[in-house]
Structure formats: C-alpha cells, structure tokens
Amino acid sequence: MPFNSLGLSDPLLKAIEKKGYTTPSPIQEKAIPLILKGRDILASAQTGTGKTAGFTLPMLHRLAAENKWKRRPIRALVLTPTRELASQVADSFRDYGSNLRFKTAVLYGGVSIKTQKDKLRMGVDIVVATPGRLLDHLSQKTVDLSEVEVFVLDEGDRMLDMGFIIDIKRIIKFLPYKRQNLLFSATFPKEIRSLASKL
Ligand code: AMP
C-alpha cells in the first residue's frame with residue numbers, strides 16, 4: 001500500500017518523501033486511517049516499528065485541517081516516559097510538519113524551566129512532555145491544557161514501570177473531557193488496561 005492511499009495531505013506526503021520512506025509500516029497502515037477519522041486507539045507497538053510517524057502524521061493532518069484558531073492554544077499533548085523519547089517525538093513533529101506552521105515545545109526536567117516558560121509564552125500548538133516537568137508547569141500555571149484536542153500516551157507500560165501512573169492521572173484532570181486519546185504500549189498489564197478503559 002503506498003503512503004498516498006492513507007488519506008494524508010500533500011504537505012505531509014512531501015515531508016514523507018523527503019524522509020525517503022516508500023511504504024507505511026504495518027502499525028502506520030492500521031493506525032493512520034483510524035486516527036484521521038478521529039477515533040481513539042489503543043495500540044500495541046514497540047520502538048522501531050514506526051509508531052512515532054504512525055501518530056504524528058495523522059495528528060498533524062487533523063490539526064491542520066481543523067485549524068480555526070487565531071491565537072495558539074496547545075492543541076495536542078504527548079506524554080513520554082523519558083527525555084530522550086520526548087526529544088525524538090518532538091523532532092518527528094518538526095520533521096513531518098516542516099511544510100506546516102505548527103510550533104512544538106518539549107518539556108522535561110533537568111534543564112532550565114525558564115527557557116521552557118519563555119517558549120510557552122510565545123505560543124505553541126503541540127507539547128511533548130515527561131510527566132514530572134509538565135506537572136511543575138501546571139502547578140505554576142505556565143501551561144494551559146484546556147484546549148487539547150488530541151492526547152497521546154506513548155510507551156504506557158514504561159510509564160507504569162517508572163512510577164508515573166499517578167502523575168498521568170493528575171495530568172488527565174487538566175484535559176478537556178471531549179478529546180481524542182491515543183495510547184501506545186508494548187505490553188498490556190492490568191493497570192494499562194484499566195487506564196485505557198477510563199480514557
Ligand atoms: P519509531 O518506531 O517511531 O521509533 O521509528 C523507527 C525508525 O523508523 C525511525 O528512524 C523512523 O524514521 C523510521 N521510519 C518510520 N516510518 C518509516 C517508514 N514508513 N519507512 C521507513 N522508515 C520509517
């Protein structure tokens with residue numbers, strides 16, 4: 001199946017071509033059409049399967065197609081367990097979105113919070129964050145998640161192993177009730193299934 005049969009817009013297909021990808025991976029073939037339809041998904045996918053493009057591409061498509069905003073509210077939130085993964089996901093949004101006008105902020109601990117606050121103040125459309133630093137921003141009211149349209153939990157089982165489940169539940173309370181939820185996990189222990197059913 002070629003990429004152009006999945007329903008992605010031209011700016012995204014051009015970015016895919018620039019990356020040199022010829023065909024979608026199995027997770028991309030399954031996830032992209034469902035995410036484009038606005039469905040929630042619960043996907044079993046490990047790193048290396050192309051899962052990042054599997055959610056970033058259709059998210060960028062929908063955000064661009066439904067852009068009614070003059071100001072820049074945060075419209076998409078991705079939570080990851082580690083800084084490295086947060087950076088990789090943010091890079092994917094920037095790479096695949098190179099022909100669109102979205103701004104992405106990556107928020108994780110161990111680096112200056114002030115630089116992150118400055119970036120947030122200028123307006124960003126997409127936030128990729130680790131839970132602890134995002135909660136710091138929420139408690140200091142430097143981030144507003146009330147307009148989030150798509151929420152992604154990446155590597156859910158690793159989040160659980162790293163003890164982030166309570167933080168995640170706290171963060172979810174800041175999101176609007178009506179939103180699209182995308183949950184990726186390599187395995188599905190009981191806590192992940194229960195979180196998925198609550199989402
Ligand atoms: P991920 O599983 O998201 O960490 O992606 C693993 C690697 O596969 C990354 O380096 C991507 O750039 C690459 N990749 C993603 N989708 C494709 C594709 N359809 N064809 C070839 N490479 C891809």
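The values are calculated or read from the model by the stated rules, or taken from the named source; none is laboratory data. Keep in mind that what you see is a predicted model, and the values were worked out from it rather than measured. Cβ coordinates were reconstructed from backbone atoms using ideal geometry, including for glycine residues, and neighbour counts include every protein chain displayed. Heavy atoms of the whole protein, side chains included, go into the accessibility calculation; ligands, DNA and RNA do not. Shrake-Rupley method; radii C 1.70, N 1.55, O 1.52, S 1.80 Å.
At-a-glance table
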| item | result |
| --- | --- |
| Identity of the residue in the range 5-18, exposed (fewer than 13 other Cβ atoms within 10 Å of the Cβ) and either within 12 Å of the ligand (Cβ to nearest atom) or more than 22 Å from the chain's Cα centre (by Cα) (or both), that ends up farthest from Gly97 (Cα to Cα) | Ser5 |
| The range 68-79: number of residues that are within 16 Å of the ligand (Cβ to nearest atom) and either hydroxyl-bearing (Ser, Thr, Tyr) or open to solvent by 30 Å² or more (accessible area, probe 1.4 Å) (or both) | 0 |
| Scope the range 185-199; condition assigned to a loop (DSSP other than H, G, I, E, B) and either under 19 Å from the mean Cα position of the chain (by Cα) or among the polar types (S, T, N, Q) (or both); matching residues | Ala186, Thr187, Leu199 |
| Residue, least open to solvent (accessible area, probe 1.4 Å), within the range 55-67, restricted to residues that are away from the ligand (no atom under 15 Å from the Cβ) and under 15 Å from the mean Cα position of the chain (by Cα) | Leu63 |
| Leading residue by the ranking (modelled with the lowest pLDDT) among those in the range 26-54 that are farther than 19 Å from Gly97 by Cα, buried (at least 17 other Cβ atoms within 10 Å of the Cβ) and within 11 Å of the ligand (Cβ to nearest atom) | Ala45 |
| Test for Glu29: is it in contact (Cβ under 8 Å) with a residue 60 or more places away in the chain and of a type in the set (Asp, Glu) | no |
| In the range 69-100, residue farthest from Ile165 (Cα to Cα) [restricted to those that are in a helix (DSSP H, G or I) and among the small types (Gly, Ala, Ser)] | Ser92 |
| Tally of residues being without any contact (Cβ under 8 Å) to a residue 40 or more places away in the chain, assigned to a helix (DSSP H, G or I) and over 15 Å from Leu85 (Cβ atoms) across the range 147-184 | 6 |
